[in-house]
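**Student:** My structure is below; once you've seen it, I'll send some questions.
The values are calculated or read from the model by the stated rules, or taken from the named source; none is laboratory data. What you are looking at is a predicted structure, and each value in this text was computed from that prediction instead of being measured. Methodologically, a virtual Cβ is constructed for each residue, glycine included, from the backbone with ideal geometry; neighbour enumeration extends over all protein chains shown. Remember, those area values only see protein heavy atoms, side chains included, never the ligands or the DNA or RNA. Shrake-Rupley method; radii C 1.70, N 1.55, O 1.52, S 1.80 Å.
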Amino acid sequence: QCQLNGLWRNDQDSLMEISVLSDNGDFHGQYLTRVTLSGGCAQISPLKGTQQQLGEEGWPTFAFTVRWDKFSNASTAFVGQCFVDAGGKETLTTMWLLREAVRSLEEDWKATR
């Protein structure tokens, strides 16, 4: 069974730590991104999310948001699923949407990646 709590590293060498996973599936932690919109150094940002509660079968799905409040006026929402291979290695797969603040409705087209 997948356990989301702990330290995770992605393909871009960013780190995510889920420090608290409650009985109802809610969790929080921090995200240390190596990729920034501003091109600056790595920054730690808070994250909050929830994991789908499953029975004995299947791999859990989850969703979380990261607020990039110290270096960027943007937020990212992640959705994903946890898998365990035959050797016991846990892997998270995710998709994300990043929303950057823009100055006008006319610029809205370029605000989401």
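**Student:** Looking at the stretch 54-69, is at least one residue open to solvent by less than 50 Å² (accessible area, probe 1.4 Å), of a type in the set (Ser, Thr, Tyr) and modelled with pLDDT of 90 or more?
**Tutor:** Checked against the condition, which is being open to solvent by less than 50 Å² (accessible area, probe 1.4 Å), of a type in the set (Ser, Thr, Tyr) and modelled with pLDDT of 90 or more, the stretch 54-69 yields no hits at all.
**Student:** GLN51 is checked against (1) at pLDDT 80 or above; (2) of a type outside the set (Val, Ile, Thr); (3) open to solvent by 30 Å² or more (accessible area, probe 1.4 Å) and fails just one. What number does that condition carry?
**Tutor:** All conditions are met except number (3).
**Student:** Let me ask something else about it. Kindly provide the set of residues from the stretch 11-48 that are at pLDDT 75 or above, in a loop (DSSP other than H, G, I, E, B) and open to solvent by less than 60 Å² (accessible area, probe 1.4 Å), ordered by number.
**Tutor:** Correct list: SER14, SER22, GLY25.
**Student:** Search the stretch 84-113 for residues that are touching a residue at least 24 places away in the same chain (Cβ under 8 Å) and pair each with any residue that is among the acidic types (Asp, Glu) and surrounded by 13 or more Cβ atoms within 10 Å (Cβ to Cβ) when their beta-carbon atoms are under 9 Å apart and the residues are at least 6 apart or on different chains.
**Tutor:** As it stands, the answer is VAL84/GLU90, since those pairs meet every condition given.
**Student:** Give just the number: which of (1) at pLDDT 90 or above; (2) within 23 Å of GLN1 (Cα to Cα); (3) under 15 Å from the mean Cα position of the chain (by Cα) does GLY87 not satisfy?
**Tutor:** Evaluating GLY87 over (1) at pLDDT 90 or above; (2) within 23 Å of GLN1 (Cα to Cα); (3) under 15 Å from the mean Cα position of the chain (by Cα) leaves (3) as the failure.
**Student:** Mind counting the residues in the stretch 85-102 that are more than 28 Å from ASN73 (Cβ to Cβ) and among the acidic types (Asp, Glu)?
**Tutor:** 2
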